[in-house]
Amino acid sequence: MLRGFGVETVLTANTGAETKELLDHHCPDICLIEGELPDLSCPGLIGWIRHHRNPAVHFVPIIVMSGYTQMRLVSAARDGGAHMVVRKPLSPQTLFDRLAWVASSDRAFLEAPNYVGPDRRFHSVSPSKEELKREGDRLVEIEANP
């Protein structure tokens, strides 16, 4: 799929150890990581990447692909510093959309004692009253300190 999108160089690794070796010598534009590796947990690999000495590797966007999307696995990858987790099997359109979203996203990168990675907070803004679509729609104001 990546070659179909025009990606000229695709580097692959089959294990966490191979991935570490590869990343010690190359600075990719993006990492697509399998959610289940034979020798290393996905959050463990993401943590290693996020603490890498080379800033180009340290800040690389990470997309985790997994056939298992239970909340604990998604949370572990997200809490480890992944930009996104996508469910397999992936269609070319889904992969392209996720790559485009990560590339165009301007999420801040955070470095805290217990977390290194993209800002996990997404801001949602309520629609204005003019944007309500159905007659029964209404905005509900919630009191901050009841």
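The values are calculated or read from the model by the stated rules, or taken from the named source; none is laboratory data. Since this is a predicted model, take the numbers as computed values, not measurements. Positions of Cβ are generated from backbone atoms using ideal geometry, with glycine treated the same way; all protein chains shown enter the neighbour counts.
Can you report the number of residues in the range 27-40 which are out of contact with any strand residue (DSSP E or B) (no Cβ under 6 Å at 6 or more places or on another chain) and assigned to a loop (DSSP other than H, G, I, E, B)?
Total meeting the criteria: 8.
Within the range 1-26, can you find the residues that are in a loop (DSSP other than H, G, I, E, B) and either out of contact with any Pro (no Cβ under 9 Å at 6 or more places or on another chain) or polar (S, T, N, Q) (or both)?
Within the range 1-26, LEU2, ARG3, GLY6, VAL7, GLU8, THR9, VAL10, THR12, ALA13, ASN14, THR15, HIS26 qualify.
If we scan the range 41-48, do we find a residue that is outside any strand (DSSP E or B), more than 17 Å from the chain's Cα centre (by Cα) and farther than 20 Å from ALA100 by Cβ?
No, the range 41-48 has no match at all.
Scan the range 97-118 and tell me whether some residue there is surrounded by 14 or more Cβ atoms within 10 Å (Cβ to Cβ), of a type outside the set (Asp, Glu), modelled with pLDDT of 90 or more and not in a loop (DSSP other than H, G, I, E, B).
Scanning the range 97-118, I find at least one residue that is surrounded by 14 or more Cβ atoms within 10 Å (Cβ to Cβ), of a type outside the set (Asp, Glu), modelled with pLDDT of 90 or more and not in a loop (DSSP other than H, G, I, E, B), so the answer is yes.
Of VAL74, VAL60, which residue is modelled with pLDDT of 90 or more, of a type in the set (A, V, I, L, M, F, W, C), within 22 Å of ARG98 (Cβ to Cβ) and outside any strand (DSSP E or B)?
Matching residue, one of VAL74, VAL60: VAL60.
Is it the case that some residue within the range 62-78 is surrounded by 13 or more Cβ atoms within 10 Å (Cβ to Cβ) and touching a residue at least 60 places away in the same chain (Cβ under 8 Å)?
No, the range 62-78 has no match at all.
Test each condition in (1) within 25 Å of PHE96 (Cβ to Cβ); (2) touching a His at 6+ places or on another chain (Cβ under 7 Å); (3) surrounded by fewer than 19 Cβ atoms within 10 Å (Cβ to Cβ) for PRO28 and report the one that comes out false.
The number of the failed condition is (2).
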